[in-house]
1. Restricting attention to the stretch C:129-156, which residues are open to solvent by less than 60 Å² (accessible area, probe 1.4 Å), under 22 Å from the mean Cα position of the chain (by Cα) and either at the interface with another protein chain (Cβ under 7 Å from one of its Cβ atoms) or not polar (S, T, N, Q) (or both)?
2. List pairs: first residue in the stretch C:13-33 and open to solvent by 20 Å² or more (accessible area, probe 1.4 Å), second residue of a type in the set (Asp, Glu) and in a loop (DSSP other than H, G, I, E, B) anywhere in the structure, Cβ distance under 7 angstrom, at least six positions apart or on different chains.
3. Looking only at the stretch B:307-353, count how many residues are among the hydrophobic types (A, V, I, L, M, F, W, C) and over 24 Å from the mean Cα position of the chain (by Cα).
4. In the stretch B:40-90, what count of residues is obtained for those that are open to solvent by 70 Å² or more (accessible area, probe 1.4 Å), under 23 Å from the mean Cα position of the chain (by Cα) and farther than 16 Å from B:Leu26 by Cβ?
5. Mind telling me which of the residues C:Phe39, C:Phe53 ends up being hydrophobic (A, V, I, L, M, F, W, C) and touching a Phe, Trp or Tyr at 6+ places or on another chain (Cβ under 7 Å)?
6. When the stretch A:44-65 is examined, which residues are found to be open to solvent by 70 Å² or more (accessible area, probe 1.4 Å) and not hydrophobic (A, V, I, L, M, F, W, C)?
7. If B:Trp317 meets every condition in (1) aromatic (Phe, Trp, Tyr); (2) surrounded by 14 or more Cβ atoms within 10 Å (Cβ to Cβ); (3) farther than 18 Å from B:Pro227 by Cβ apart from one, which number is that one?
8. Tell me yes or no: at least one residue of the stretch B:89-98 is at pLDDT below 80 and not aromatic (Phe, Trp, Tyr).
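The values are calculated or read from the model by the stated rules, or taken from the named source; none is laboratory data. Since the structure is predicted, the reported quantities are computational estimates derived from the model, not experimental observations. So basically every Cβ, Gly included, is an ideal-geometry build from the backbone, and we count neighbours across all protein chains shown. Remember, those area values only see protein heavy atoms, side chains included, never the ligands or the DNA or RNA. Shrake-Rupley method; radii C 1.70, N 1.55, O 1.52, S 1.80 Å.
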Amino acid sequence: MPVSSTHYLFLSLLLFSIGIMGTLMRRNAIIIFMCIELMLNAVNLLLVAFSKIYSDADAQLFVFFIMVVAAAEVAVGLAVIVMMYRKVHSVDINILNRLKH
Amino acid sequence: MLLLNIDAAFVIEKVILISVILMGSLGVAMYATWAERKVSAVMQDRVGPNRAGPFGLLQPLADGLKLFFKEEIIPDRSTQFIFILGPCLAMLTATMTSAVMPWGPDFTMAGRTISLQVADINIGILFVFGVVSLGVYGVMLGGWASNNKFSLLSSIRAASQCISYELAMGISLIALLMMTGSLSMKDIVTQQHGFWKDGYFTWNFFKQPVGFIIFLTCSFAELSRAPFDLPECDSELNMGYHQEYSSMKLGFYLFAEYINMFISSAVISTLFFGGYNFPFMDQVQAAVPSGIFSLICVGALMAKIVGMILFFMFVRWTLPRFRYDQLMKLGWRSLIPLALINMLVTGGVILLTMKK
Amino acid sequence: MDIYSILFWFLSAMAVGCALGVILSRNPVNSVMFLILTFFAISGHYILMNAQFLAVVNIIVYAGAIMVLFLFVIMLMNLNADVEPQKGMMIQLAGVISGGTLFLVVLMGLTTAKSELIDPRSSDIGLISNLGKVLFTRYVLPFEISSVLFLSAMIGAVVIGKKENIPASDKTEIV
């Protein structure tokens, strides 16, 4: 069976869903952050596949911009996580529920 | 074979080339350890290794044999799999870069054009960068898995040093790439053909001296060699990230460092010193058959590489070690702004000369 | 099966398997390594689709920089499987069910999507010269804005990560 766009759609969707599952399942803030990176990459993969199918370079540039935004996001996000670790000595997100009480 | 539509001769040719390059880089790395001892001995007015073989030439073999026969110790509280993975990754990333290096010009043998480059990909330099940026994993994982605070400190130092200096290295290369207009290693070497053309040197060193100095400094830091050998700073960290390693795993780490030195010398020679080009190569090419000409070119590249390796060694045994804050200050406050200015000036010059 | 399909299925299995490894392994360092392998598989897909530039940039940016930062933070905090917080069974099950539901819903929505065959022959739209031309003509404004974004992110990270100035009198309490 030759590879078609549907294959890439399903693969990307599967990776994205795994990312969602990880975000919901884990309590470690760093792992949740990594799952978000995984979801971004799933989208990137699909964009490159579309770029290949329609012979259009624009989609590849979107991937490029997504990578830029992801890098910026990681820089700030990890700084936030390190700050959180300094305050509460844990990366468990369930500790951050003070607004509830 | 129906699946792979590649002819067998091509595969055999590439396999031979890959094994020769691999063996060659291992051999050069092996004798680099010997040369390092001899150089340090000369600079410190000692004799150096002279027992095994004439001039101690068999010393690397003896060292290797010793490492092979040593007892293999895996610390009890270490993460075993990652502990073993560390040196393997270090060795893998050290040898991978040689795939995109053009070691010599094409030559024809038995009616086939044989290329002395494993893969001519159009993003050769980016490939080198990718592999270099992966090189830090071997050190980081090994240091972390040892479960030793000195190893951990050392690996964290190595990682931050590598990431910081990769930036300046990349920016200094952008200036060079703006002049070459291509990322393929083959194109960059071909553009530096010969030595003198149209009233100016063809080698990139003469076009990008500032970029070369930044690149060289950064490669010292990437190799974590003196004066930037903070990850192995024995007065502060006992020994470094490979403190818990013994036997051939330690050998892999030490060896990977020398292979890295060989490869980065090759990259510097290719990017800035014309690769396999040498003065009056056109006259030589006309005089000898293509096979022998290729060999002479490979010899020229090798001579440049050996020169670079010796330079690395001279620097190591002359300069004292930097302090960690000095290292970071140099990288972030001096080299990166300098590289940015170099890039801007290069861009401006290219813009002015293009309008004419 | 041609070579393209074989590589596609191999890389897909590797990507999905390693992605599952990211969310299932208890040790954060293992998660990081699985994620790096996932990125390698995705880079392999890019090469398969002739996007060499993006493949290498993916490796340099994600595997070479972002994941090193993650590993760095994990090592600094000395996280391992023993201190890894675990959610209760029910919540994990709820996570799997909601993720799986999303998968199924979108899957159903996509069944009617037009299926276009991928041309396995190489094309040159992914080459750097081609991408550069589009980037610096049509997308030059987003490119410049993204550099400003980078700068602000850098400053933001420095400001957040900076240690707050503790008055000299309070220092002893914190130690």
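1. Here is the first cut: in the stretch C:129-156, the ones open to solvent by less than 60 Å² (accessible area, probe 1.4 Å) are C:130-132, C:134-135, C:139-140, C:142-143, C:146-147, C:153, C:156.
From what is left, the residues that are under 22 Å from the mean Cα position of the chain (by Cα) are C:131, C:142-143, C:146-147, C:153, C:156.
Result: C:Leu131, C:Pro142, C:Phe143, C:Ser146, C:Ala153, C:Gly156.
2. Every condition considered, the pairs that remain are C:Arg26/C:Glu84.
3. The initial filter retains those residues of the stretch B:307-353 that are among the hydrophobic types (A, V, I, L, M, F, W, C), namely B:308-315, B:317, B:319, B:322, B:327-328, B:330, B:332, B:335-336, B:338-341, B:343-345, B:349-352.
So of that shortlist, the ones also over 24 Å from the mean Cα position of the chain (by Cα) come out as B:341, B:344-345, B:349-352.
Residues meeting the conditions: 7.
4. Residues in the stretch B:40-90 being open to solvent by 70 Å² or more (accessible area, probe 1.4 Å), under 23 Å from the mean Cα position of the chain (by Cα) and farther than 16 Å from B:Leu26 by Cβ: 0 in total.
5. On the way: C:Phe53 fails: touching a Phe, Trp or Tyr at 6+ places or on another chain (Cβ under 7 Å).
Only one candidate passes the filter, namely C:Phe39.
6. Taking the stretch A:44-65 first, the residues open to solvent by 70 Å² or more (accessible area, probe 1.4 Å) are A:50, A:54-55, A:62.
Scanning the stretch A:44-65 gives A:Tyr54, A:Ser55.
7. The single condition B:Trp317 does not satisfy is (3).
8. Taking the stretch B:89-98 and keeping what is at pLDDT below 80, we get none.
There is no residue in the stretch B:89-98 that is at pLDDT below 80 and not aromatic (Phe, Trp, Tyr).
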